[in-house]
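One structure below.
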Amino acid sequence: MVFFFFFKQKTAYEMLRSLVGSEMCIRDRVSTQSTWGQELYIKIKIMASATKLAIKGREATQIENEVGKALREIENASAEFRDGLKNVVVNRVREVEITRGDKDRKKCLLVYVPFPVLNNVQNLQRKLQPELEKKLKNQTVLIVGSRRIMSKWIKANRSQKRPRSRTLTSVYDALLDDLIHPASVIGRRIRYRTDGSSFQKIYVDANDRDLIEHRVEAIQQVYKALTTRNIVIEFKAETLFHKA
(Lines give C-alpha, C1' and ligand atoms only; values in the text may rest on other atoms or scores of the structure.)
Protein backbone atom coordinates (compact mmCIF):
# COMPACT_ATOMS: atom_id res chain seq x y z
CA MET A 1 0.00 0.00 0.00
CA VAL A 2 1.34 3.40 -1.00
CA PHE A 3 0.45 6.62 0.78
CA PHE A 4 0.61 10.03 -0.87
CA PHE A 5 0.93 13.17 1.18
CA PHE A 6 0.09 16.57 -0.30
CA PHE A 7 1.19 19.79 1.40
CA LYS A 8 -0.38 23.10 0.43
CA GLN A 9 2.10 25.93 -0.06
CA LYS A 10 1.20 29.01 1.94
CA THR A 11 0.67 32.21 0.03
CA ALA A 12 2.34 35.48 0.95
CA TYR A 13 -0.98 36.80 2.28
CA GLU A 14 -1.41 33.81 4.60
CA MET A 15 2.08 34.28 5.99
CA LEU A 16 1.78 38.05 6.45
CA ARG A 17 -1.72 39.49 6.33
CA SER A 18 -0.51 43.06 6.12
CA LEU A 19 0.44 42.54 2.44
CA VAL A 20 -1.99 44.14 0.01
CA GLY A 21 -2.29 44.76 -3.71
CA SER A 22 0.55 43.65 -5.92
CA GLU A 23 2.50 42.40 -2.90
CA MET A 24 0.03 39.51 -2.58
CA CYS A 25 1.12 38.21 -6.01
CA ILE A 26 4.71 37.64 -4.92
CA ARG A 27 5.42 33.91 -4.58
CA ASP A 28 7.49 32.77 -1.65
CA ARG A 29 10.64 31.00 -2.73
CA VAL A 30 13.93 29.98 -1.24
CA SER A 31 16.97 31.81 -2.60
CA THR A 32 18.80 29.55 -5.06
CA GLN A 33 21.76 31.87 -5.61
CA SER A 34 24.92 29.82 -5.25
CA THR A 35 28.14 30.85 -3.61
CA TRP A 36 29.74 31.02 -7.06
CA GLY A 37 27.09 33.49 -8.20
CA GLN A 38 27.62 35.68 -5.16
CA GLU A 39 31.39 35.70 -5.73
CA LEU A 40 30.91 36.62 -9.40
CA TYR A 41 28.56 39.47 -8.48
CA ILE A 42 31.10 40.80 -5.96
CA LYS A 43 33.91 40.60 -8.52
CA ILE A 44 31.86 42.48 -11.14
CA LYS A 45 30.93 45.16 -8.60
CA ILE A 46 34.56 45.59 -7.53
CA MET A 47 35.69 45.77 -11.16
CA ALA A 48 33.04 48.41 -12.00
CA SER A 49 34.03 50.52 -9.00
CA ALA A 50 37.71 50.28 -10.00
CA THR A 51 37.28 51.13 -13.69
CA LYS A 52 34.16 53.34 -13.25
CA LEU A 53 32.64 51.46 -16.21
CA ALA A 54 29.54 49.26 -16.29
CA ILE A 55 29.18 48.17 -19.91
CA LYS A 56 27.21 45.05 -20.79
CA GLY A 57 27.60 42.75 -23.77
CA ARG A 58 30.76 44.27 -25.28
CA GLU A 59 34.24 45.47 -24.50
CA ALA A 60 34.85 49.09 -23.55
CA THR A 61 36.19 51.37 -26.28
CA GLN A 62 39.33 53.45 -25.93
CA ILE A 63 37.43 56.67 -25.24
CA GLU A 64 35.30 54.90 -22.60
CA ASN A 65 38.45 53.70 -20.85
CA GLU A 66 39.82 57.24 -20.94
CA VAL A 67 36.63 58.65 -19.39
CA GLY A 68 36.63 55.92 -16.71
CA LYS A 69 40.27 56.65 -15.89
CA ALA A 70 39.59 60.39 -15.69
CA LEU A 71 36.62 59.82 -13.37
CA ARG A 72 38.71 57.60 -11.12
CA GLU A 73 41.46 60.23 -10.90
CA ILE A 74 38.94 62.97 -10.10
CA GLU A 75 37.30 60.77 -7.45
CA ASN A 76 40.63 60.24 -5.70
CA ALA A 77 41.56 63.92 -5.89
CA SER A 78 39.39 65.23 -3.04
CA ALA A 79 37.02 64.06 -0.32
CA GLU A 80 34.10 65.91 -1.93
CA PHE A 81 34.39 63.96 -5.18
CA ARG A 82 35.18 60.74 -3.31
CA ASP A 83 31.84 60.83 -1.49
CA GLY A 84 29.75 62.03 -4.43
CA LEU A 85 31.23 59.72 -7.10
CA LYS A 86 31.48 56.61 -4.92
CA ASN A 87 28.73 54.66 -6.71
CA VAL A 88 28.90 56.46 -10.05
CA VAL A 89 29.74 54.39 -13.13
CA VAL A 90 29.55 55.03 -16.88
CA ASN A 91 27.24 52.98 -19.10
CA ARG A 92 28.35 54.38 -22.43
CA VAL A 93 30.35 57.17 -24.06
CA ARG A 94 29.35 58.45 -27.48
CA GLU A 95 31.33 60.80 -29.69
CA VAL A 96 29.27 63.39 -31.60
CA GLU A 97 30.91 65.58 -34.23
CA ILE A 98 29.98 69.25 -33.96
CA THR A 99 30.84 72.11 -36.29
CA ARG A 100 31.75 75.63 -35.31
CA GLY A 101 31.67 77.93 -38.28
CA ASP A 102 32.31 76.57 -41.76
CA LYS A 103 35.43 74.44 -41.27
CA ASP A 104 36.08 74.08 -37.56
CA ARG A 105 34.96 70.57 -36.51
CA LYS A 106 35.31 69.12 -33.04
CA LYS A 107 34.10 66.04 -31.23
CA CYS A 108 31.83 66.28 -28.21
CA LEU A 109 31.73 63.47 -25.67
CA LEU A 110 28.29 62.37 -24.49
CA VAL A 111 28.65 60.43 -21.23
CA TYR A 112 25.75 58.18 -20.16
CA VAL A 113 25.41 57.34 -16.46
CA PRO A 114 22.76 55.11 -14.81
CA PHE A 115 19.61 57.01 -13.94
CA PRO A 116 19.70 56.08 -10.18
CA VAL A 117 23.04 57.89 -9.75
CA LEU A 118 22.28 60.82 -12.09
CA ASN A 119 21.26 63.04 -9.17
CA ASN A 120 24.63 62.45 -7.47
CA VAL A 121 26.45 63.50 -10.63
CA GLN A 122 24.31 66.61 -11.13
CA ASN A 123 25.00 67.76 -7.56
CA LEU A 124 28.71 67.92 -8.47
CA GLN A 125 28.34 68.82 -12.15
CA ARG A 126 29.48 72.45 -11.84
CA LYS A 127 32.89 71.27 -10.65
CA LEU A 128 32.97 67.83 -12.28
CA GLN A 129 32.34 68.91 -15.88
CA PRO A 130 35.31 71.34 -16.14
CA GLU A 131 37.60 68.78 -14.50
CA LEU A 132 36.58 66.10 -17.01
CA GLU A 133 37.14 68.47 -19.92
CA LYS A 134 40.65 69.30 -18.66
CA LYS A 135 41.63 65.63 -18.37
CA LEU A 136 40.14 64.76 -21.78
CA LYS A 137 42.20 67.29 -23.79
CA ASN A 138 39.67 70.13 -23.54
CA GLN A 139 36.90 68.23 -25.34
CA THR A 140 33.35 69.33 -24.63
CA VAL A 141 31.75 66.86 -22.21
CA LEU A 142 28.00 66.50 -21.68
CA ILE A 143 26.52 64.16 -19.06
CA VAL A 144 23.07 62.57 -19.43
CA GLY A 145 21.14 59.78 -17.74
CA SER A 146 20.46 56.44 -19.43
CA ARG A 147 16.76 56.33 -20.24
CA ARG A 148 14.62 53.91 -22.21
CA ILE A 149 11.72 54.65 -24.55
CA MET A 150 8.94 52.05 -24.49
CA SER A 151 6.58 51.46 -27.39
CA LYS A 152 2.89 51.70 -26.56
CA TRP A 153 2.18 48.82 -28.97
CA ILE A 154 4.50 46.21 -27.40
CA LYS A 155 3.05 44.74 -24.21
CA ALA A 156 3.66 41.63 -22.15
CA ASN A 157 -0.06 41.50 -21.32
CA ARG A 158 -3.18 43.51 -22.14
CA SER A 159 -3.37 45.24 -18.76
CA GLN A 160 0.18 46.57 -18.97
CA LYS A 161 0.40 50.36 -19.07
CA ARG A 162 3.38 52.35 -20.25
CA PRO A 163 4.80 54.72 -17.60
CA ARG A 164 4.66 58.37 -18.55
CA SER A 165 8.42 58.66 -17.99
CA ARG A 166 9.05 56.07 -20.74
CA THR A 167 7.24 57.95 -23.52
CA LEU A 168 9.20 59.55 -26.36
CA THR A 169 8.16 63.10 -25.42
CA SER A 170 9.06 62.66 -21.76
CA VAL A 171 12.47 61.10 -22.54
CA TYR A 172 13.31 63.87 -25.04
CA ASP A 173 12.35 66.59 -22.54
CA ALA A 174 14.40 64.94 -19.79
CA LEU A 175 17.35 64.60 -22.19
CA LEU A 176 17.26 68.34 -22.87
CA ASP A 177 17.15 69.10 -19.15
CA ASP A 178 20.23 66.88 -18.64
CA LEU A 179 22.14 68.60 -21.44
CA ILE A 180 21.37 72.08 -20.12
CA HIS A 181 22.07 71.27 -16.46
CA PRO A 182 23.19 73.03 -14.21
CA ALA A 183 21.25 75.84 -15.91
CA SER A 184 17.45 75.84 -15.69
CA VAL A 185 14.87 76.06 -18.46
CA ILE A 186 12.21 78.73 -17.86
CA GLY A 187 10.24 78.47 -21.11
CA ARG A 188 9.71 76.52 -24.33
CA ARG A 189 8.09 77.74 -27.54
CA ILE A 190 7.52 76.09 -30.92
CA ARG A 191 8.10 78.37 -33.92
CA TYR A 192 6.95 77.66 -37.50
CA ARG A 193 8.72 79.04 -40.55
CA THR A 194 7.01 80.09 -43.80
CA ASP A 195 8.32 76.96 -45.55
CA GLY A 196 6.47 74.74 -43.07
CA SER A 197 9.49 73.66 -41.02
CA SER A 198 9.54 74.20 -37.27
CA PHE A 199 12.01 74.53 -34.43
CA GLN A 200 11.80 74.72 -30.66
CA LYS A 201 12.99 77.83 -28.86
CA ILE A 202 14.36 77.13 -25.38
CA TYR A 203 14.59 79.98 -22.88
CA VAL A 204 17.26 79.58 -20.22
CA ASP A 205 17.53 81.74 -17.10
CA ALA A 206 19.87 84.67 -17.81
CA ASN A 207 21.49 84.21 -14.40
CA ASP A 208 22.90 80.89 -15.64
CA ARG A 209 24.52 82.35 -18.77
CA ASP A 210 28.09 81.87 -17.51
CA LEU A 211 27.45 78.16 -16.80
CA ILE A 212 26.56 76.93 -20.30
CA GLU A 213 27.13 79.81 -22.75
CA HIS A 214 30.31 78.19 -24.13
CA ARG A 215 28.42 74.88 -24.62
CA VAL A 216 25.28 76.22 -26.33
CA GLU A 217 26.31 75.24 -29.88
CA ALA A 218 27.36 71.77 -28.72
CA ILE A 219 24.07 71.24 -26.88
CA GLN A 220 22.00 72.28 -29.90
CA GLN A 221 23.87 69.99 -32.31
CA VAL A 222 24.00 67.02 -29.93
CA TYR A 223 20.27 67.27 -29.24
CA LYS A 224 19.55 67.32 -32.98
CA ALA A 225 21.83 64.31 -33.55
CA LEU A 226 19.98 62.34 -30.86
CA THR A 227 16.39 63.41 -31.56
CA THR A 228 16.44 64.95 -35.11
CA ARG A 229 14.76 68.03 -33.58
CA ASN A 230 16.02 71.58 -34.05
CA ILE A 231 16.32 73.79 -30.99
CA VAL A 232 17.52 77.34 -30.44
CA ILE A 233 18.71 78.28 -26.96
CA GLU A 234 18.27 81.86 -25.77
CA PHE A 235 18.93 83.50 -22.42
CA LYS A 236 16.08 85.42 -20.86
CA ALA A 237 15.45 87.00 -17.47
CA GLU A 238 12.76 85.15 -15.56
CA THR A 239 9.56 87.17 -15.12
CA LEU A 240 8.43 87.51 -11.53
CA PHE A 241 4.78 88.24 -10.82
CA HIS A 242 5.25 88.97 -7.14
CA LYS A 243 7.52 91.12 -5.04
CA ALA A 244 10.03 89.36 -2.84
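Beyond 27 Å in Cα-Cα separation lie the following of the pairs 86/224; 106/134; 69/107: 86/224. Using Cα centres only, tell me the gap between segment 119-166 and segment 215-234 in whole Å. Between the Cα centres of segment 119-166 and segment 215-234 lies a distance of 16 Å. Under a 5 Å amide H cut-off, with hydrogens placed 1.01 Å from N, residue 53 pairs with 90 among residues at least 5 apart or on other chains. Accessible surface of residue 195, taken over heavy atoms with a 1.4 Å probe and every protein chain present, rounds to 110 Å². The convex hull drawn around the Cα atoms of segment 125-219, when projected onto a plane and averaged over every direction, covers 9.3 nm².
Taking a sphere under 12 Å around the Cβ of residue 88 and counting the other residues whose Cβ falls inside, with K and R at +1 and D and E at -1, yields a net charge of +2. Considering only 235, 211, 225, the residue lying farthest towards the positive end of the dipole of segment 199-244 is 225, judged by Cα position with unit charges set on Cβ.
Restricted to Cα atoms, segment 151-198 shows a radius of gyration and a Dmax of 15.9, 45 angstrom.
Once backbone amide H atoms are built at 1.01 Å from N, residue 204 has 186, 234, 235, 236 as its partners under 5 Å, excluding neighbours fewer than 5 places away on the same chain. Compared with the rule-of-thumb size 2.2 N^0.38 Å for a compact globular protein, segment 197-244 has a Cα radius of gyration ratio of 1.37.
Near residue 73, once Lys and Arg are set to +1 and Asp and Glu to -1 for all other residues with Cβ below 12 Å from its Cβ, the sum equals +3.
With N set to the residue count of segment 44-168, report its C-alpha Rg divided by 2.2 N^0.38 Å to two decimal places. Kindly include the intermediate steps, with their values, before the conclusion.
On the way: Rg = 16.9 Å, N = 125, 2.2 N^0.38 = 13.8 Å.
Cα-based Rg divided by the globular estimate yields 1.23.
Bridges between two residues of segment 87-196, per DSSP, are antiparallel at a rate of about 65%.
The values are calculated or read from the model by the stated rules, or taken from the named source; none is laboratory data. Not measured: the values here are computed from a predicted model. A quick note on method: Cβ atoms are made from the backbone with ideal geometry, for glycine too, and the neighbour counts reach across all protein chains shown. Note: accessible area is taken over every heavy atom of the protein model, side chains too, but ligands, DNA and RNA are not part of it. Shrake-Rupley method; radii C 1.70, N 1.55, O 1.52, S 1.80 Å.
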